[in-house]
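Before any comments, here is the structure.
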Amino acid sequence: MVQTFRLKTYSLEKQAKMIKTDDFSSVFNFRKRISTLYLAMHYQPNMHQRARLGLVVGKKTAKLAVSRNYMRRVLREFFRLKQHEICHVDLIIRVQKKFGKSDFIQIKQEFDMLIAKLNQRVLNQHIGSSDHTSSAINSPATDSSGN
C-alpha cells in the first residue's frame with residue numbers, strides 16, 4: 001500500500017495577498033496591533049482558509065524606492081516561508097523604522113516573535129470566546145480538517 005503525502009507549497013499565491021483599500025481599512029479599523037522596534041503588525045481574523053498579507057512601507061520611513069522595495073521583498077519572503085504556520089488572519093505589516101541588509105537577522109527575529117505572539121493572541125481570543133463554531137480562526141497546527 002502506497003501512501004501519498006500532500007506537500008505544502010511555499011509559493012505566495014495571489015489569494016494570500018491583500019490589495020484592496022477596503023481590506024486594509026477593515027484591518028486598521030479592527031484596531032488589533034502588535035509592534036516591535038522595526039515592525040508593527042495589524043491583524044483581523046478572516047473567513048478565508050489562509051492568512052493574507054498586506055505591506056505598508058511609507059515614504060517617511062525610507063525616501064528611496066529601492067529601500068522600500070527591499071523591505072517589502074524581505075517581509076514578503078518571511079511571510080511566504082511562515083504562511084502555513086500563521087492563523088487565518090488578514091495581516092498588515094507596517095515598517096516603523098528603516099532597515100537594510102545589516103539588520104536582516106534582527107528583522108527575522110522580530111518577525112518570528114511577532115508571528116508567535118499573533119498566533120498565541122488569536123488562539124487565546126478564540127478559546128476565550130463563547131462562539132466555538134467559527135472555523136476562520138483555526139490555526140493550521142490545530143486544524144483537525146486534515147489539510
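The values are calculated or read from the model by the stated rules, or taken from the named source; none is laboratory data. Computed from a prediction, not measured in an experiment: that's the story for all the values here. No Cβ is skipped: glycine too gets one built from the backbone with ideal geometry, and neighbour counts run over all protein chains shown.
Listed values, structure above:
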quantity	calculated
Qualifying residue in region 77-96 (condition: within 13 Å of K17 (Cα to Cα) and free of Cβ contacts under 8 Å to residues at least 12 places away in the same chain)	yes
Every pair of residues 6+ apart whose Cβ atoms lie under 7 Å, when the first sits in region 36-58 and is hydroxyl-bearing (S, T, Y) while the second is crowded, with 20+ Cβ neighbours inside 10 Å	T36/L114; Y38/V95; Y38/F99; Y38/I107; Y43/V27; Y43/V89; Y43/D90; Y43/L91
Residues of region 30-84 satisfying the condition of being among the aromatic types (F, W, Y) and more than 12 Å from the chain's Cα centre (by Cα)	F30, Y38, Y70
Residues that are closer than 20 Å to R121 by Cα and surrounded by 16 or more Cβ atoms within 10 Å (Cβ to Cβ), drawn from region 83-104	Q83, I86, C87, H88, V89, D90, L91, I92, I93, R94
Count - residues of region 73-99 that are in a loop (DSSP other than H, G, I, E, B) and either basic (K, R) or modelled with pLDDT under 95 (or both)	5
Answer residue from region 30-41, given it is basic (K, R) and farther than 18 Å from G58 by Cα and is surrounded by the most Cβ atoms within 10 Å (Cβ to Cβ) among those	K32
Candidate set: region 104-140, residues that are farther than 19 Å from Y43 by Cα and at pLDDT below 50; chosen: the one farthest from the chain's Cα centre (by Cα)	S130
Index of the failed condition, K59 passing every other in (1) over 14 Å from I115 (Cα atoms); (2) in contact with a Leu (Cβ under 6 Å, 6 or more places away or on another chain); (3) among the charged types (D, E, K, R)	(2)
Residue check, G146 exposed (fewer than 12 other Cβ atoms within 10 Å of the Cβ) and modelled with pLDDT under 90	yes
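Let's see how each residue does on (1) surrounded by fewer than 17 Cβ atoms within 10 Å (Cβ to Cβ); (2) assigned to a strand (DSSP E or B):
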| residue | (1), (2) |
| --- | --- |
| F28 | yes, no |
| Y43 | no, yes |
| M47 | yes, no |
| K60 | yes, no |
| M71 | no, no |
| Q109 | yes, no |
| M113 | yes, no |
| L118 | no, no |
